[in-house]
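Written out below as structure tokens is the structure these notes cover.
The values are calculated or read from the model by the stated rules, or taken from the named source; none is laboratory data. Treat the numbers as computed from the prediction; the structure is a model and nothing was measured. Accessible surface is based on the protein model in full, side chains and every heavy atom, while ligands, DNA and RNA are left aside. Shrake-Rupley method; radii C 1.70, N 1.55, O 1.52, S 1.80 Å.
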Amino acid sequence: MTTAGGTRSTPRIGELVYDLEREAMGRVAYVDTGGNIAWVKPLREGPEWTALPEQLLRAPDGER
């Protein structure tokens, strides 16, 4: 996950994120123990998906 300063960090469970590849918002449901894959739940109905942490952006404060 990339922060404003450009450094990679692992997304946290429950965090609202924007997936750059899918162009979709969701909440982090699970992150593997190595921090290499995140499972993201859509905000509405639908299946979870996996994403690389570097393709996830934290949602702006106004969207939380």
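Looking at segment 17-36, which of the residues that are among the charged types (D, E, K, R) and closer than 12 Å to Thr50 by Cα is least open to solvent (accessible area, probe 1.4 Å)?
Here is the first cut: in segment 17-36, the residues among the charged types (D, E, K, R) are 19, 21-23, 27, 32.
Pick out the ones that are also closer than 12 Å to Thr50 by Cα and you get 19, 21-22, 27, 32.
Working: Asp19: 2, Glu21: 143, Arg22: 139, Arg27: 102, Asp32: 41 Å².
In this case the residue turns out to be Asp19.
Condition check: open to solvent by 50 Å² or more (accessible area, probe 1.4 Å) and modelled with pLDDT of 95 or more. Does Thr50 satisfy that?
On the way: open to solvent by 50 Å² or more (accessible area, probe 1.4 Å): yes; modelled with pLDDT of 95 or more: yes.
Answer is yes for this residue.
Those residues that are under 9 Å from the mean Cα position of the chain (by Cα) and acidic (Asp, Glu), I need them from segment 10-27; list them, please.
Glu15, Asp19
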